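Peer 1: Handing you a structure now.
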Amino acid sequence: MKNPADVSVETSNAQAVGNIDQATGGISPAIHPSTTFLRDENYALFVEGNSYSRDENPTYKVAEAMLCNLEGGADAMLFSSGMAAAMTIVQTLYPGDHIVAPRIMYWGLRHWLRSFCSQYHIGLSFFDPAEPNALERAIVKNTTKLVWLESPCNPTWDILNISESAEIAHSAGAILAVDSTVATPVLTQPIKLGADFVVHSATKYLNGHCDVLAGAIVAAQDNELWQKMREIRLNAGCILGSLEAWLLQRGMRTLFLRMDRVNQSALVIAECFEKHAKVKQVLYPGLPSHPDHDIAKNQMTGGFGGMLSFRIHGGENACLEIVKRCKVFKRATSLGGVESLIEHRYSIEGEGSPVPRDLLRLSIGIESAQDLISDLTHALG
C-alpha cells in the first residue's frame, strides 16, 4: 500500500510512505528479524530480493523508502552508523585521488580521513569556508574526486552554498557529498541543490531519541558508483540490525514535529542570549548577525535548526564552570535528541582541534524553551 501521489512529503513521511504490515493489516510496519530467507524447490527466492540480511531485509526497505521520499533521491542505504556511511563513500576512491573538505567538520570523520588518506595515498585538503573562493582554490582539477561538505558545519554552524559547491565540484570532475545531519531533509534537500549523495548520522535527528546508532546515504542516481557502495556495504557487513531499522523509521515519522519545535526554541534562545554580558558571540544561522545568514535564508526552508553555540567570555575555564551549573541541559555528547544537551567541544576533540576553546555547543530538545532559558541564565551567572 502506498500513499496517494498528491499528499505532501510531511504526510507521506508520517504514514511511513504507505508501508503497513501486509500479513496482518497492522498500520505499523512489521519487524523482520530473520537473517536468512527461504528458496522454493527450484531454488528461486521465495520473495525476490530477500536472500540474506547482510544485503537486504524488508525492515530496512521501509526506512530507506522514507529517506528517498524525504530527500528526493533515487535510492538509499542504511548503515550501522554515520561514520560507516561516510567511510563507504570515501572507500570508493583510489590512490592518487584527492578529497576536499571543510576545516571545521565532524571531528571523528576529520580524524579518520587524515589517517585513511595517508595510509592509502589519497590527497586531502581542508578549506576555510569563510575565505573567498576557498573551495575553488582547494580543488585540483581532474584529481579531486570527492568534495565533502557539511551544512551547517559542526559546531560553528557555517552554512555552505550547496548549489554553488555542486557546480564547482562537477566542473572539476568531482562528486559532491553533503553531510546534512544537522539540517535534516526538513530544512535542506541537498540533492535538489545539485549534490550527488546525502549522508546522515541517523543516530541524531532522523531517529531523534538517543536510542539508535545508525547512518544513511541517499543517492541522486542509481549508477555504477552507487552499486560500488552497495557492494562495500555488503562485503563490510556495516548494516543496521532489523530492530534498529524499525526504531529508526518510527523516529522518522515524527521528524517534522520535532524539527518544528527545536527550530522555534533554538531561535528564541539564540535571540535571548545574543546580548548577554557573559556571551561573546552566539553562533546560530537564524540570527542576522551570523555571517552566513543570507545563504541560510535562501537554502534552508522552514527554519534554521536546533543547534547553536555560545562563545564565552573567560575562555575554557568559564565554559567548564557554566556546564557544571546546568541542571536541565544534560552534559553529554551527541545531538538531535528530544533532550537538550550541552558540551564543551574542545574538551571532547582535544589538542589540535580547530574548534575555539571558548565554545559551548548546545543541542536544543523539545522541552519548554522557558525552562531551557532559565537553566542557561542560572548557569551563566
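Peer 1: Please specify each residue of the stretch 317-347 satisfying the condition of being more than 19 Å from the chain's Cα centre (by Cα) and closer than 21 Å to Y205 by Cα.
Peer 2: Within the stretch 317-347, the first condition is being more than 19 Å from the chain's Cα centre (by Cα), and the residues that meet it are 317-331, 344, 346-347.
Result: V328, F329, K330, R331, H344.
Peer 1: Name, by its number, the condition in (1) more than 17 Å from K280 (Cα to Cα); (2) of a type outside the set (F, W, Y); (3) out of contact with any Lys or Arg (no Cβ under 9 Å at 6 or more places or on another chain) that does not hold for N317.
Peer 2: For N317, the exception is condition (1).
Peer 1: For E351, which of the numbered conditions (1) out of contact with any helix residue (DSSP H, G or I) (no Cβ under 9 Å at 6 or more places or on another chain); (2) at pLDDT 95 or above; (3) surrounded by fewer than 19 Cβ atoms within 10 Å (Cβ to Cβ) fails to hold?
Peer 2: Only one criterion is unmet by E351, namely (2).
Peer 1: For the stretch 357-381, enumerate the residues that are without any contact (Cβ under 8 Å) to a residue 40 or more places away in the chain and assigned to a helix (DSSP H, G or I).
Peer 2: Q370, T377
Peer 1: Name the single residue that is nearest to the chain's Cα centre (by Cα) among those in the stretch 12-38 being surrounded by 12 or more Cβ atoms within 10 Å (Cβ to Cβ) and more than 28 Å from E71 (Cα to Cα).
Peer 2: If we take residues in the stretch 12-38 being surrounded by 12 or more Cβ atoms within 10 Å (Cβ to Cβ) and more than 28 Å from E71 (Cα to Cα), then S34 is nearest to the chain's Cα centre (by Cα).
Peer 1: Follow-up question, since we're still on this one. Given the conditions (1) within 17 Å of the chain's Cα centre (by Cα); (2) touching a residue at least 40 places away in the same chain (Cβ under 8 Å), report the number of the one that S53 does not fulfil.
Peer 2: Result: S53 passes all but (1).
Residue-wise test of (1) surrounded by fewer than 19 Cβ atoms within 10 Å (Cβ to Cβ); (2) part of a helix (DSSP H, G or I); (3) assigned by TED's automatic domain parsing to the domain that holds E71.
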residue: I217; (1), (2), (3): no, no, yes
residue: D222; (1), (2), (3): yes, no, yes
residue: L225; (1), (2), (3): yes, yes, yes
residue: R230; (1), (2), (3): yes, yes, yes
residue: L234; (1), (2), (3): yes, yes, yes
residue: C238; (1), (2), (3): no, no, yes
residue: L243; (1), (2), (3): yes, yes, yes
residue: W246; (1), (2), (3): no, yes, yes
residue: D260; (1), (2), (3): yes, yes, no
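The values are calculated or read from the model by the stated rules, or taken from the named source; none is laboratory data. A quick note: this is a predicted structure, and the numbers were derived from the prediction, not measured. So basically every Cβ, Gly included, is an ideal-geometry build from the backbone, and we count neighbours across all protein chains shown.
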